[in-house]
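**Student:** Here's a structure for you.
Every number in this text was worked out from the coordinates using simple rules, so none of it is lab data. Worth saying up front: this structure is predicted, and the values here are computed from it rather than measured. Heads up, the Cβs are rebuilt from the backbone with ideal geometry, glycines too, and the neighbour counts pull from every protein chain shown.
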Amino acid sequence: MGKWADFCIYAKRMNSKGTHIDSVKAFPDRGDNFGSEVVKSRANVVQDLKIGVTYMTIFKSAENKWQMGQKVVIDRVNGVDYIKTLPDKLEADNLDKLPDF
């Protein structure tokens, strides 16, 4: 498989208003397999990204195998850090079309 990122995000939870990601479910990427699931707050993901920890989105294929999605980056808009796969300068988080948990 090879290592895709330090953490691979496969699900998200939105805040109560549905406007921003509150937390994500991810697996540590060990290169040849994934470690145990972790839940990380959006703030933790932002902190990690700032110190060089890498994140990637992942999805299940039709064959029920994990597939690589997109690299996760920070997009700073009006002084707020958003986590995104596509920096678009909008005041919203954006991580592909990950399912909610």
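**Student:** Given the conditions (1) without any contact (Cβ under 8 Å) to a residue 60 or more places away in the chain; (2) loosely packed, with under 12 Cβ neighbours inside 10 Å; (3) charged (D, E, K, R), and given that residue 100 satisfies all but one, which numbered condition is not satisfied?
**Tutor:** Unmet condition: (1).
**Student:** Within region 77-89, can you find the residues that are under 16 Å from the mean Cα position of the chain (by Cα), free of Cβ contacts under 8 Å to residues at least 40 places away in the same chain and in a strand (DSSP E or B)?
**Tutor:** If the condition is that a residue be under 16 Å from the mean Cα position of the chain (by Cα), free of Cβ contacts under 8 Å to residues at least 40 places away in the same chain and in a strand (DSSP E or B), then 81, 84 are the ones that fit.
**Student:** Still on this structure: Looking at region 2-24, which of its residues are surrounded by fewer than 18 Cβ atoms within 10 Å (Cβ to Cβ) and touching a residue at least 60 places away in the same chain (Cβ under 8 Å)?
**Tutor:** 11, 13, 14, 19, 20
**Student:** Another question, if that's okay. With the checklist (1) closer than 18 Å to residue 90 by Cα; (2) outside any loop (DSSP other than H, G, I, E, B); (3) not β-branched (Val, Ile, Thr) in hand, flag the one item residue 18 doesn't pass.
**Tutor:** The one condition residue 18 does not meet is (2).
**Student:** Restricted to region 49-76, and to residues that are assigned to a strand (DSSP E or B) and aliphatic (A, V, I, L, M), which residue is farthest from residue 4 (Cα to Cα)?
**Tutor:** So, considering only residues that are assigned to a strand (DSSP E or B) and aliphatic (A, V, I, L, M), the one farthest from residue 4 (Cα to Cα) is 74.
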